[in-house]
Amino acid sequence: MLELPEAFTLARQLRDHVMGRTITEVVTNASPHKWAFFTGDPQAYAGALVGRQLTDAQAYGGLVELAAGDEALVFGDGVSLRLFAAGKALPAKHQLVLRLDDGRALVASVQMYGGLWLSAPGELDSPYFAAAFRKPSPLTDAFDRAWFDAIWDEAKPTLSAKALLATEQRVPGLGNGVLQDILFNARVNPRSKLAALSSDDRSRLFDAVKTTLAAMADEGGRDTEKDLGGEPGGYHTVLSAKTRTLPCPRCGNGIVRQAYMGGNVYFCPTCQPVR
Ligand SMILES: [Zn+2]
């Protein structure tokens, strides 16, 4: 699942590799998928996009927006996006292909579920997009301590650390994946209630949100996800399905995996005691 660092990486790679290219062919819904979401009729996408030049790519939370003049495609967090060289065989199943004027192809395929929406840039009619578009990214200076404190102070004190950070779009693009290393770095247990956390805990959490996401973005996303070239990201996850049999890198004790609030959480019970 794409989260903020991977969306950031994909948008950067799209800007680096396909800007200025013209879309020559659009294929939508070649492999119908129950959980692939389009804006209106997918067969109308070609009429809107063919002949247009790609002009920009931006990440908003875990979403990637690829603009072609005054039209844009928004790819949801469950979409895998790959760039294929001219002449290279495309995967058998896909939900959207953009053929470019140099023969390369951008191919989007939906994993479990995902949106492949069409709208004017910045204007997709979706509450997720609106929140991600409007709120400051943790990768920018606008996401500062005052912004973080406001999120915290508006939340119920009975919320857990996981609920605060990874639900309700409080921090768009911060999902259950990147959450694990943020909480590990902050030494906060996902189940700890806000009311039980100290001001030191809060400070460490703010710092961990900023530094962990920045490291993940700088290194091209997490190693559990793939980039535009199909390569895993360069950020080595500390706590993920990939590392779950390894000891805690801080204290050497075992890592625990538990199902909690719609997804597995990983933590070190010694370094991250429940408060
Ligand atoms: Zn530990």
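The values are calculated or read from the model by the stated rules, or taken from the named source; none is laboratory data. All figures in this text were calculated on a predicted structure; none of them were measured in a lab. Positions of Cβ are generated from backbone atoms using ideal geometry, with glycine treated the same way; all protein chains shown enter the neighbour counts.
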Restricting to helices (runs of 4 or more DSSP H) lying wholly in region 105-169: which have 2 or more residues that are under 30 Å from Lys93 (Cα atoms)? 127-134
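Taking into account only those residues within region 262-275 that are among the hydrophobic types (A, V, I, L, M, F, W, C) and surrounded by 15 or more Cβ atoms within 10 Å (Cβ to Cβ), which is farthest from the ligand (Cβ to nearest atom)? Write out each step before concluding.
Initially, region 262-275 is screened for residues among the hydrophobic types (A, V, I, L, M, F, W, C), giving 265, 267-268, 271, 274.
Imposing the further condition that a residue be surrounded by 15 or more Cβ atoms within 10 Å (Cβ to Cβ) reduces the set to 265, 267-268, 271.
Numbers: Val265: 15, Phe267: 9, Cys268: 3, Cys271: 3 Å.
The residue in question is Val265.
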From Ala89, Ala7, Ala68, Ala44, residue being over 22 Å from Gly229 (Cβ atoms) and at pLDDT 95 or above: Ala44
Please enumerate the residues belonging to region 256-275 that are without any contact (Cβ under 8 Å) to a residue 40 or more places away in the chain and of a type in the set (S, T, N, Q). Gln258, Thr270
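Give the residues of region 178-232 that are of a type in the set (A, V, I, L, M), touching a strand residue (DSSP E or B) at 6+ places or on another chain (Cβ under 8 Å) and surrounded by fewer than 17 Cβ atoms within 10 Å (Cβ to Cβ), sorted by residue number. Break it down into steps so the answer makes sense when it comes.
Step one: filter region 178-232 for residues of a type in the set (A, V, I, L, M), giving 178-179, 182-183, 186, 188, 194-197, 205, 208-209, 213-217, 228.
Then drop every residue that is not touching a strand residue (DSSP E or B) at 6+ places or on another chain (Cβ under 8 Å), which leaves 178-179, 183, 194, 215-216, 228.
Ala215, the sole residue that qualifies.
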Check on Thr245, more than 10 Å from the ligand (Cβ to nearest atom) and more than 24 Å from the chain's Cα centre (by Cα): yes
